[in-house]
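Trainee: Sharing a structure below in structure tokens format, with a few things to ask.
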Amino acid sequence: MLRFLRHLGEMLLAMFVGMAVLGIGLMVAGEPPGYDRPLVTYTAMGVAMAVPMVGWMRYRGHSWSEGGQMTAAMLVPMFVLVIPVALDVAPAWLADEGTLMVLTHVAMIGGMVAYMLVRRDQYTKAHHHSAVR
């Protein structure tokens, strides 16, 4: 169980670093065109979180395929919430910017944990620091 939680924590830390880099980039360069639209904003955030997460997974010995599957487990639940907002068909409570931000992060982490539970054997064994796989 400790390895499972450690792996989740490491991925979340990598995602946090990615968000910090995105935040600094936005402060320095400004928001790109369309960043006020939910699909653009959440796609940028998803990429910013997924890249370092997959990089860390590769470092820990996971394959590109496993990184891609974890990325899908993280992003699909997020987009299930974002797409109705982007299409302007979501209820008002979901379209609230703060509510959407919180719920998308809960959905992302929930998707990751669910995927990790399905692939429990991958996330409870010892990891090796080898990106060659």
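Values quoted throughout were computed directly from the atomic coordinates according to the rules given, and no laboratory measurement underlies them. Computed from a predicted model, the values in this text were never measured in an experiment. A quick note on method: Cβ atoms are made from the backbone with ideal geometry, for glycine too, and the neighbour counts reach across all protein chains shown.
Trainee: Neighbour counts of other C-beta atoms within 10 Å: give me Glu97, Glu10 arranged from fewest to most.
Mentor: Glu97, Glu10
Trainee: What percent does the relative contact order of segment 2-124 come to when contacts are Cα pairs within less than 8 Å and at least six residues apart?
Mentor: 30
Trainee: Using alpha-carbon positions, what is the distance between the centroids of segment 24-96 and segment 1-17, in Å?
Mentor: Rounded to whole Å, the Cα centres lie 18 Å apart.
Trainee: Taking θ as phi - 60°, what are the ³J(HN,Hα) couplings along segment 28-37 by the Karplus curve (6.51, -1.76, 1.60), each to the nearest whole Hz, with x for Gly and Pro?
Mentor: Calculated HN-Hα couplings, in order: 6, 9, x, 6, x, x, x, 5, 6, 8 Hz.
Trainee: Rank-order 23-30, 113-120 by packing density, defined as the average count of other C-beta atoms within 10 Å over each peptide's residues, highest first.
Mentor: Sorting 23-30, 113-120 by mean packing, highest first, produces 113-120, 23-30.
Trainee: If packing is taken as the mean number of other Cβ atoms within 10 Å per residue, what is the order of 99-107, 46-54, highest first?
Mentor: 46-54, 99-107
Trainee: In addition: Evaluate the chain: find the radius of gyration of its Cα atoms, find its Kirkwood radius, and give the ratio Rg to Rh. Walk me through the intermediate numbers first.
Mentor: Values: Rg = 15.7 Å, Rh = 15.6 Å.
Here the Rg-to-Rh quotient is 1.01.
Trainee: With charges only on Cβ, +1 for K and R and -1 for D and E, what is the dipole size of the chain about its Cα centre, in debye, rounded to 20?
Mentor: 800
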